1. Within the range 35-45, identify whether any single residue is at negative phi, part of a strand (DSSP E or B) and open to solvent by 20 Å² or more (accessible area, probe 1.4 Å), and answer yes or no.
2. For the range 212-223, enumerate the residues that are small (Gly, Ala, Ser), part of a strand (DSSP E or B) and either in contact with a helix residue (DSSP H, G or I) (Cβ under 8 Å, 6 or more places away or on another chain) or open to solvent by less than 30 Å² (accessible area, probe 1.4 Å) (or both).
3. Would you kindly identify the strands (runs of 3 or more DSSP E) lying entirely within the range 140-211 that contain at least 3 residues that are within 27 Å of residue 226 (Cβ to Cβ) and of a type outside the set (Ser, Thr, Tyr)?
4. Please state which one of 127, 106 is under 20 Å from the mean Cα position of the chain (by Cα) and either under 19 Å from residue 176 (Cα atoms) or hydrophobic (A, V, I, L, M, F, W, C) (or both).
5. Mind checking whether some residue in the range 236-247 is under 18 Å from the mean Cα position of the chain (by Cα) and either open to solvent by 50 Å² or more (accessible area, probe 1.4 Å) or aliphatic (A, V, I, L, M) (or both)?
6. Check residue 268 against each of (1) surrounded by fewer than 20 Cβ atoms within 10 Å (Cβ to Cβ); (2) under 26 Å from residue 86 (Cβ atoms); (3) of a type outside the set (A, V, I, L, M) and name the one condition it does not meet.
7. How do the pairs read when you match residues in the range 29-55 that are without any contact (Cβ under 8 Å) to a residue 40 or more places away in the chain with residues anywhere that are surrounded by 14 or more Cβ atoms within 10 Å (Cβ to Cβ) and among the aromatic types (Phe, Trp, Tyr), using Cβ under 9 Å and keeping only pairs 6 or more apart or on different chains?
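The values are calculated or read from the model by the stated rules, or taken from the named source; none is laboratory data. The structure displayed is predicted, hence computed values, not measured ones. A quick note on method: Cβ atoms are made from the backbone with ideal geometry, for glycine too, and the neighbour counts reach across all protein chains shown. The area values use the complete protein model at the heavy-atom level, side chains included, leaving out ligands, DNA and RNA. Shrake-Rupley method; radii C 1.70, N 1.55, O 1.52, S 1.80 Å.
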Amino acid sequence: MQTKQKWALTLTMALGAMSCGGSTEPGDPYMGFIDATVLDAKFQPGTGCGSDGKTKCYLPVKAYSSGEEFSFYNLGLIAASDKLLPKDAESRPILPASAVKATAYDFPEGCKTGKAFNERTDAYREDMQYPVFDTLPLTNSSALVLPLVKTQAWTGVSKYTCNAIKDAQSLRDGDFGGAAAEGETFALRGVIDMTHLPARPSEQAVYGWYRGLQLAYLDGGAVPVDADGNLKVMDGVWLKPSSSSAKPTDATAKLVFQAKPGEDAWSPVVRLREVSGTGTYTRLCYDPPCAADAVDMTAKPTYTGVLFLVASPQ
């Protein structure tokens, strides 16, 4: 049985809610943030930051394209030897769009602005709606684990306060009304550990939701689909050193890509091959004779796999 004190407290809280006109707007509960330690290894922070070089972080690394250097975040490799990675008729690694299972819902119509954001006391903003993911990239031995999502626009919910929507299931259950727009696109959105962000959330590190849990991801942008139903890739070359332990995902790996961000051939999904790292290469060559600093792409390739990246501001 409730004590008089508990009953008085309950009554006071109820009256207070009535006097404030308690909001009837639906909203998913805030559940904190994801436990990023369960993410697949490709999305875990490495080391290399701090004065001792041992602090965990997402460290931008360097690559070359057309003789110019640029920075990017490496979001892992699926090895060509992986039995789950499909190959085309020419034995080149490919990524069918059908391999992307995760969906991220975007809200192009916007949302109703709530209270001003207080960085010290508020867990999330109420002046913009974060995308909502329906799954996380967890290690899976029976399916490819990708930093890729299908992006689906959800319309008809602009009347709700920004970030009232935090769970894809709430959308699907009709808690907020609206509907998924026709068509879907694909994007590279690599979920990362938000306690080790490479920078304050910006165009490269932004927030999202999963089942009421806040997450952060690196945004690599849209990934087109080609006429064969495969995700667009660009060529890349790893200048493989003699060390047997070297990997193309090492911070010191020497990489040369077909294009830079903003160029027509650019894609955040790279079909990577390897050559001996003895030369000083800074560009790819498709029409021999090739310059001394260019990799001859007409030579028989040895494929390393499919690499994922997010361009970083210089």
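1. No, the range 35-45 has no match at all.
2. Step one: of the range 212-223, the residues small (Gly, Ala, Ser) are 212, 216, 220-222.
Those left that are additionally part of a strand (DSSP E or B): 216, 220-222.
Across the range 212-223, the qualifying residues are 216, 220, 221.
3. Numbers: elements: 148-155, 185-192, 205-210.
Output list reads 148-155, 185-192.
4. Criteria check complete, one pass: 106.
5. Pass one, the range 236-247, residues under 18 Å from the mean Cα position of the chain (by Cα): none.
Looking through the range 236-247, none of the residues is under 18 Å from the mean Cα position of the chain (by Cα) and either open to solvent by 50 Å² or more (accessible area, probe 1.4 Å) or aliphatic (A, V, I, L, M) (or both).
6. (1)
7. Going by the 9 Å Cβ cut-off, the qualifying pairs are 49/58.
Residue-by-condition table, conditions (1) surrounded by 10 or more Cβ atoms within 10 Å (Cβ to Cβ); (2) assigned to a loop (DSSP other than H, G, I, E, B); (3) at pLDDT 85 or above:
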residue: 8; (1), (2), (3): yes, no, no
residue: 16; (1), (2), (3): yes, no, no
residue: 31; (1), (2), (3): yes, yes, yes
residue: 48; (1), (2), (3): yes, no, no
residue: 52; (1), (2), (3): no, yes, no
residue: 77; (1), (2), (3): yes, no, yes
residue: 82; (1), (2), (3): yes, yes, yes
